[in-house]
Structures are given as structure tokens and as C-alpha cells.
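Down below is the structure, laid out as C-alpha cells.
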Protein chains: 2
Amino acid sequence: MARTPATIRRLPEKSVEDRAVIDAILDEGFVCHVAYLIDGRPVVIPTLYVRDGDSCLLHGSTASGIAAAARRGSPLSIAVTLVDGLVVARSGFESSVNYRSVVIHGHGTVLSGDAHARALDLMVEGLIPGRLADIRSPTDIELRKTTVVSVPLDTISAKVSAGPPEDDIADIGTGVWAGVVPMTTTYGDPEPSPDLEPNVEVPDYLTTLERS
Amino acid sequence: MARTPATIRRLPEKSVEDRAVIDAILDEGFVCHVAYLIDGRPVVIPTLYVRDGDSCLLHGSTASGIAAAARRGSPLSIAVTLVDGLVVARSGFESSVNYRSVVIHGHGTVLSGDAHARALDLMVEGLIPGRLADIRSPTDIELRKTTVVSVPLDTISAKVSAGPPEDDIADIGTGVWAGVVPMTTTYGDPEPSPDLEPNVEVPDYLTTLERS
């Protein structure tokens, strides 16, 4: 389950430095994994995020360990991973997944005031594009109960693995099927809340959702 | 984008201690995010894993930072997250995702010998159930180029968030649609490698793949 330079034939796992590619990965995802330190030990948790230009905005409750780490100037590491397919090789060694991932390292800043309120709007729109126009503004209590931590996209790297398996030449022609099984995220039919009043139509932006 | 106890109505975000639920989450996923320390700073990366009874087996190259951390007795943190749907609430505050996640903390052991070879087999079968019977055994070189780090499932926690939005009572009846958009992972038609010889049929286990 590795992809070594010796066997690369088409699109290998490769480091990507193209900021447009990195931004596209970040903009397609909405769940990231954030690592921070507690008492010198690493902790990783999933959270929602959205890219805002040259920053990654991380969502958390006020009690969030991410916000606490940011406040004490402790470094964060953030990973966004999109899985695109199963790489079904003729050996276990070359079997793997096709994926696109971004890792960010940096120190976070807890946003406040207008920047905080704006970040929460971006978070809604990043999660459900088109939604923001339909919902009310946050209350003061809601604003106090949430934190957003901004991390600059300064120290950032990406890896992209795509294409068919890179089987060893000796394994080709052995009658074993090899290839890729593509994976996509599918959005099902919106399910109304039990407390939804009758005759409220599903907004178009929920029926046309698409993410690879 | 939080789910506070005050507004919980049906299935809230909740901590889960039921080992069967935890195992089901771990067995459904195959990509995890692992945090470890480099020079006292947290680093998080995605990798493949498989559950083996009371252990989580992490895949890596021999140069893997995960293996290096395990060798020097440095703690690891591992997260597995499955996203089940978009929670489309009537406020940004209650908008979120339904998800199931597991976080493991512990020290890793780099496997060797038979345990290492067996772990690689489990990894193949975890990624592509049914595949192992179709492929050859790893070569000695391949075994040397891969590492598997085993982490016991001793310190483990899970969270499950499911069900409809938990909107504030004041927001209900305002004519704004609310509900959940389910998300699933869909496997497409297997795409043969360009180097696949003619007349090799796609194995059944690739056309019947299913993961929520």
C-alpha cells in the first residue's frame, strides 16, 4: 500500500504547491481534523471549517480545545482529506486510495466582533451554499456560545493521488483484475424536520447539492 | 452551529461508550487522521487503518512520522469521522452536520514478523472486502517498505450526532425550511487499469461495495 517513484506511471501521489489546487481542495471540503496540544500531548478532533481567502476558519464551541490552544499561542495542525476512489492493485502493496489532502500548520487567532459574526456567516454558506439568505442573524447569546479560530494559510502543503494502480510489471498479465473504483459523496432527498409547518418548499440549493 | 443541551429534542450529539457502536464506526471507515508530535509540535496526517479486535492498525511507509513517534514512545491521537448528513436548521447556530466520530489516544507499537504480514492482509481486506483472496502475498521488499503501527483501543471515545435540527422554539413556524440532507458515499462503476488484459471480469466484491 505505497506508491513509490519506481512504479509511477500516470498520476502519482504528488506534492502540490499550486495554490489554486490547494484552494479547490479546501473549498470542496467542510470537515477538517485539527490537532492541538493538551499538556504536551497531541489531540485530534473533527470540526467544521471554511476557507476565507488566505485563512482557514475553524468552528468551535466556546469551550473548544482549539480556541484554548489558539489563546495560549500553542500551534495547530489542520488536515482536510477528500477520498476519490479505491485503488485496486494486483498486490496489497500497491492497493491504496486516490485522495486529495491539504495540511496546514500555524497559530490560530480567536476572532471577535464583526470578524467573528462575518466568519459564522461564511461558515453557514460554506456548509450549505445559498443558505445564508434564508436564515436570521445570530443572537448575541449565540455569538457568545461559538468561537471561530482563524489560521493563516502560510505553512501549507497538499498531496494528490490519482489515476490507476501502479502495479509492478511482474504482476501485470496475471489475470487479476486491477483498476479504480471511484467514490463520490451523494446527497439524498432532503428530509423535512418533524416540526416543519406544511407547504414550506425545499429550497433549490438543497436539491442541487453536489460535491465529489 | 452548536447543539446545546437546552435545545435537544431527539437524537442529540452524544458521547457514546458502547463498544459495539464504536467498533461499527471504526469498521465502516478506512481513512483516519493521526496526530503525533514533531519537536513538540502537533502534526496531523491522513492514513489508512483497520480495526483488529481491540487494536487500531495504522498504515504507513517505513519513513512514516507515525512509526517514528511510536518508536520513541511519543503519544498518538487518532480520529475517525463519518459524515451522515447536513443539518439544515433555521439558524446558523443550529446548522451543523450529522456525524459519527471516534477518537483514540495511546501509544503505538510498530509490528514486525508475522504480526506485520498479517496486519497488511487485514489492511487490504478492510479497504476492499473480498480482495485478499485474489492477490499474491507481499514480497520481502514490500514488507520492508511498509510499517504498521498498532494502537490499543483502551482510551477511546465516540460522539454521534443524528436526527433533525434542534431549532429554537422561536424559530419554528417562520416559513423557513428545516431538515436534514442525508449524505452517503457512493461507489461508481469500476474503471479497469489501462494495462489490464482483455477478458478479465470485474470481481463481484467491487460491484457490490457499500458504505454509508
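List of remarks:
- At 7 Å out from Cα toward Cβ: A:V202 inter-copy label distances (nm, ascending): 2.7
- The mean sequence separation of alpha-carbon pairs under 8 Å and at least six residues apart, normalised by the residue count of the range B:22-112, gives a relative contact order of 28 percent.
- Ranked from shortest, the separations from the 7 Å Cα-to-Cβ label point of A:E17 to its equivalents in the other copies are 5.1 nm.
- The separation of the range B:30-61 from the range B:92-151, counted between C-alpha centres, amounts to 9 Å.
- D (Stokes-Einstein, µm²/s), Kirkwood Cα radius, the range B:137-210, 1.306 mPa s at 10 °C: 81
- Cα-based helix-to-principal-axis angle, B:19-28 vs chain B, degrees rounded to 10: 70
- Angle of helix B:113-127 to the longest C-alpha principal axis of chain B, folded into 0 to 90 degrees and rounded to 10: 40°.
- Mean ellipticity per residue at 222 nm, deg cm²/dmol - from DSSP H runs of n ≥ 4 across the protein assembly as shown, formula -39500 (n - 2.57): -5500 deg cm²/dmol
- Count Lys and Arg as plus one, Asp and Glu as minus one, and take only other residues whose Cβ is under 12 Å from that of B:L132; the net charge is then 0.
- Panel note: contact residues of the range A:37-59 (accessible area lowered by at least 30 Å² against the chain on its own; 1.4 Å probe) correspond to A:L37, A:R41, A:P42, A:V44, A:P46, A:L48, A:H59.
- Take each residue of peptide A:180-187, count the partner chain Cβ atoms within 10 Å of its Cβ, and average: the result is 6.
- Hull volume per residue, based on the alpha-carbon atoms of the range A:37-133 and their convex hull, is 135 Å³.
- Buried solvent-accessible surface, both chains (A, B), 1.4 Å probe, Å² to nearest 100: 7100
- Hull volume in cubic angstrom per residue (convex hull over the Cα atoms of the protein assembly as shown): 144
- Per residue, the accessible area of chain B comes to 42 Å², computed with a 1.4 Å probe over protein heavy atoms only.
- Ranked packing of A:88-97, B:201-210, B:176-185, most packed first, by mean Cβ within 10 Å: A:88-97, B:176-185, B:201-210
- Listed cross-link partners A:K159/B:K145; A:K159/B:K14; A:K159/B:K159 are compared with a 27 Å cut-off, the Cα-Cα value being larger for A:K159/B:K14; A:K159/B:K159.
- Ascending list, in nanometres, of distances separating the A:G130 label from those of the other copies (7 Å, Cα toward Cβ): 3.6
- Rolling a 1.4 angstrom probe over the protein assembly as shown with all protein chains present gives an accessible area of which 53% lies on carbon and sulfur atoms.
The values are calculated or read from the model by the stated rules, or taken from the named source; none is laboratory data. All figures in this text were calculated on a predicted structure; none of them were measured in a lab. So basically every Cβ, Gly included, is an ideal-geometry build from the backbone, and we count neighbours across all protein chains shown. Only protein heavy atoms, including side chains, enter the accessible area calculation; ligands, DNA and RNA are left aside. Shrake-Rupley method; radii C 1.70, N 1.55, O 1.52, S 1.80 Å.
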